[in-house]
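So the structure is just underneath, and the comments pick up after that.
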Amino acid sequence: MFVGLATSCGPQLIDEPIEAPSIAAPVDLAPAKAASAPPGALYREDVNATVEEGLGYFLQRVSVEAQVEDGHFEGFRIVDLEPPDFWQSVDLRPGDVVLQVNGMPIERDIDAYQAFVALKSAPALKVSYVRSGVRHELAYAIVDRTPKPAAKPGAPAAVPAKAPAPAPAAQQKPSSSG
C-alpha cells in the first residue's frame, strides 16, 4: 500500500489526508467476468497495469495522514477506506499505521514512488503496518494469470534447434602452368 505520496516533491511530510488506493487489494482491471486472483495473490498483469496507470490512478481509495511520534515520522495512519467492498478481503482498517512496502520506506514522496514502481518486478507485495501497537504484515504473491505450462512427465525435454552448419570454405584449385 502506498500511502504518503503527495503531488508535491521533496522530503516533506504530508500534513493533510490524501486519497490513495492500495494495490494490497486485488485491482481488477479486466472485464467483470474475469476470474479474480487466488487468495493471497495478485495477478502480475493487474499490478503492472496499475503501476503503468501511474500514482494519480493509484491514490484514490484510501485517506491517510502522517503519523508522527515525538517529532519522528512513524508511518501513515489510515483515516478512511473507500469503497468498503473494495477493501473487504484486505486486513487493513482505519487507525492502522502503514510503515513500509516490500521493506522499503515510504516517508518521502520519492520513497513511496520507488516502492510503487518496484512492484513491476517484485515477486510479492508486503505491507508492514501497526494496529493497536502490534506490528503486522500483509503479504500477496504476484503471479501470472495464466501459469506457464509444465513439461509432461515422461515427455522428452525440449531440444534447442541446431544452428546450421557453416558452409564449406571455397577450395582453390591449384593452377596448372605448363
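Points worth noting:
- Top-ranked residue of the stretch 53-84 - restricted to ones that are modelled with pLDDT under 85 and among the aliphatic types (A, V, I, L, M), ranked as surrounded by the most Cβ atoms within 10 Å (Cβ to Cβ): VAL62
- Being assigned to a loop (DSSP other than H, G, I, E, B) and within 21 Å of SER132 (Cβ to Cβ) is a description that does not apply to VAL68.
- When PHE2 is tested against (1) modelled with pLDDT of 55 or more; (2) in contact with a Ser or Thr (Cβ under 8 Å, 6 or more places away or on another chain), exactly one condition is not met: (1).
- Residues in the stretch 85-119 that are among the β-branched types (Val, Ile, Thr), part of a strand (DSSP E or B) and over 12 Å from the mean Cα position of the chain (by Cα) were compared, and the one that is surrounded by the most Cβ atoms within 10 Å (Cβ to Cβ) is VAL98.
The values are calculated or read from the model by the stated rules, or taken from the named source; none is laboratory data. Here the structure is a predicted model, which is why all the values come from computation and not from measurement. Virtual Cβ from ideal backbone geometry, glycine too; neighbours counted across all protein chains shown.
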